[in-house]
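Below is one structure, written out as structure tokens; the observations come after it.
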Amino acid sequence: MHTAVTILFAATLFVLLIGCANLANLALARGISRESEIAVRAALGASRWRLVRQLLIENVVIAACGGVLGVGVGYAMLKWIQSLIPPYTLPPAVDIRMDTSVLLFTLAAAVVTGLLFGIAPAAQATNPSLVTALRKRGHGSTAASSGRRVRSVLVVAEVALAFMLLVASGLLMRSFLKLLDVDPGFDPKNVLTAGLPINQEQHPNTVELNAYLDAIRAAVKAVPGVRETATTSALPLQGWGYGVSYEVADREVRDQSNRRPAFFKIVSASYFDALGIKLLAGRLLRTSDRAGGPPVALINETLAKREFPSENPLGRRILVREIAPGKTEFRQRIAWEIVGVIAGEKVTGLGDEISAGMYVSHQQSPTYGINLIVRADIPPQSLQRAVRSAIDSVNRDQPLSDVRTLEQIVDQSMQANRVTSTILAVFASIALMLAVGGIYGVTSYATAQRTHELGLRAALGASAASLRRLIFLGGIRPTVIGLLIGLLGLDAATRVMSSMLYGVANDDPATIAVVATVLFGVAGLACLLPAWRITKTDPMEALRHQ
């Protein structure tokens, strides 16, 4: 979650900087176009500070209006984001809303933005040569080279930031699409799950506890439409449940700090059939694996490859300290005989690697932290009332908590990726539009400033194609430079999000190539439109342009 917040904060900053660059560009263009007006005001006695103050106030008013509009758009996006997050996903203490502090911060940011990014354009616009500015009033001319350079630098910055943001969004979207195709190691269809809180005071004897759980499973399994029931100390994708350090018997004893960890699931023998987990070798747990008998365990394929890469694990023993039922303590070590190897199930999330772990029967390692799993032949939501009634037939005081389908658990495990990638895609789209708007605005303004020059070129025989090429190359050059700079900064920008990616490298060449092509294409179109428009102008009209 911390990484997702960091990414979204960085995306917000990128969009803000792109917007600021656009604001500065507009301010520069307006200032240059008003050089004659400013020169006249200065000639009539207006001080430079008064002229700067006038331009700054104009910028602040524009920024404040944009801030007010942004609050409205932000409120609508807030409601949209809230609709993306399922109920009860966030802790009760987390309250996502727009309060007074957020409003004040937004408006303050808008005003500060208007001031900061209006100072340089205002200073440049109020420092012209009066004679030169007054002479320009009667002649079409090209903007000052310093103004062109500043505007080009701002466009370069916009393109670089937009490129990095678009690549980050593309990587997250590709990662999310890959998660949709991930095999979780179990079949989530038509499975209902629920927490089964057990009162330890009512069932202090573990033998009676196991008999009680068996009775609940039998009652639920008798419900029409139910195929299988199971209990587990941890539901799929909900974490390890128990984590233990272990040793392999008949190997060199390692001290506690050097022992490798594994998850330790306490399940009923029916757990694997209920979830459709595949057996790779040996046998599954049986109902005959009870207290007093030889302690047996299943291990998953990951643990088998880790500890027995070139030997048969069946019959080997794993040493794990006994978990005290209902207490946060361990007892003496138990030598669990490996009787089977199963395919791995995802236990911490679809985007995580399959953890090494082992499974033992609740008969041989009782626990009070239990969840119920119900495999049905019909949509499981329709069975909730019948399941509740079946449990009531055993114990009317037995509560159920967090009743969900396994498909909902799978969907919620991808929720952070979905929300982050969706919001980032929206930010990237806004960044793309702002960047393209900036390129179009600068190219259009530069073209308008060169109308007289272009008319003269046309009158001297320059073809329309050569004029379009001249304008296009002048407009596309900052885009190319921005793409190169964005490419250089891409590694640092995407490294922070590598932990959120699945099946996609943070320097994925396909994503980078597609984003660069799209950005270059829309930027090229933004440059072509002014070029096409100016070549449709009558050269004589262009020569008379003031």
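The values are calculated or read from the model by the stated rules, or taken from the named source; none is laboratory data. In this text the structure is predicted, and so the values were computed from the model without any measurement. Here Cβ is always computed from backbone atoms with ideal geometry, including for glycine, and neighbour counts include all displayed protein chains.
A count restricted to the range 471-517 and to residues that are surrounded by fewer than 16 Cβ atoms within 10 Å (Cβ to Cβ), under 25 Å from the mean Cα position of the chain (by Cα) and β-branched (Val, Ile, Thr) stands at 3. Selection within the range 518-531: residues that are crowded, with 20+ Cβ neighbours inside 10 Å and either at pLDDT below 80 or out of contact with any Ser or Thr (no Cβ under 6 Å at 6 or more places or on another chain) (or both). The member of this set that is nearest to Ser444 (Cα to Cα) is Pro530. For the range 180-215, filtered to residues that are assigned to a loop (DSSP other than H, G, I, E, B) and closer than 22 Å to Arg227 by Cβ, the residue that is farthest from the chain's Cα centre (by Cα) is Asn190. Going by the conditions given, is Ile96 within 27 Å of the chain's Cα centre (by Cα), modelled with pLDDT under 80 and either under 24 Å from Gly486 (Cβ atoms) or assigned to a loop (DSSP other than H, G, I, E, B) (or both)? Against the criterion (within 27 Å of the chain's Cα centre (by Cα), modelled with pLDDT under 80 and either under 24 Å from Gly486 (Cβ atoms) or assigned to a loop (DSSP other than H, G, I, E, B) (or both)), Ile96 qualifies. The set of residues in the range 246-289 that are under 30 Å from Ala215 (Cα atoms), charged (D, E, K, R) and out of contact with any Ser or Thr (no Cβ under 9 Å at 6 or more places or on another chain) comprises Asp273, Lys278, Arg283. Residues of the range 314-336 that are among the hydrophobic types (A, V, I, L, M, F, W, C) and assigned to a loop (DSSP other than H, G, I, E, B): Leu314, Ala324. Considering the conditions (1) modelled with pLDDT of 85 or more; (2) of a type outside the set (Lys, Arg); (3) more than 15 Å from Ile277 (Cα to Cα); (4) not in a strand (DSSP E or B), Val339 is excluded by exactly one of them, (4). Put simply, of Ala11, Ala21, Ala76 the only residue that is modelled with pLDDT of 75 or more and exposed (fewer than 11 other Cβ atoms within 10 Å of the Cβ) is Ala76.
Taking the residues in the range 235-278 that are over 31 Å from the mean Cα position of the chain (by Cα) and of a type in the set (S, T, N, Q) as candidates, determine which candidate is nearest to Thr302 (Cα to Cα). Selected residue: Ser245. Of the residues examined, Pro509 is not one that is at pLDDT 85 or above, touching a Ser or Thr at 6+ places or on another chain (Cβ under 8 Å) and not hydrophobic (A, V, I, L, M, F, W, C). For the criterion of being modelled with pLDDT under 85, assigned by TED's automatic domain parsing to the domain that holds Ile476 and out of contact with any Pro (no Cβ under 9 Å at 6 or more places or on another chain), Leu161 fails. On inspection, Ser361 fails the criterion of being free of Cβ contacts under 8 Å to residues at least 24 places away in the same chain and among the polar types (S, T, N, Q). Of the residues Thr367, Thr422, the single one that is part of a helix (DSSP H, G or I), β-branched (Val, Ile, Thr) and out of contact with any Cys (no Cβ under 6 Å at 6 or more places or on another chain) is Thr422.
From the list Val394, Val347, Val403, the lone residue that is β-branched (Val, Ile, Thr), buried (at least 20 other Cβ atoms within 10 Å of the Cβ) and not assigned by TED's automatic domain parsing to the domain that holds Ser498 is Val347. Every test in (1) within 23 Å of Leu196 (Cβ to Cβ); (2) of a type outside the set (Lys, Arg); (3) surrounded by 16 or more Cβ atoms within 10 Å (Cβ to Cβ) is passed by Gly243 save one, and that test is (3). For the condition buried (at least 16 other Cβ atoms within 10 Å of the Cβ), aliphatic (A, V, I, L, M), in the same structural domain as Pro366 (by TED's automatic domain parsing) and more than 20 Å from Ile354 (Cα to Cα), Ala269 qualifies. In the range 299-313, the residues that are in a helix (DSSP H, G or I) never reach a residue that is among the hydroxyl-bearing types (Ser, Thr, Tyr) and surrounded by 21 or more Cβ atoms within 10 Å (Cβ to Cβ) with C-beta atoms less than 6 angstrom apart, at least six apart or across chains.
Taking the stated definitions as given, is Glu407 within 29 Å of the chain's Cα centre (by Cα), at pLDDT 90 or above and of a type in the set (D, E, K, R)? Considered against the rule, which asks whether it is within 29 Å of the chain's Cα centre (by Cα), at pLDDT 90 or above and of a type in the set (D, E, K, R), Glu407 comes out as yes.
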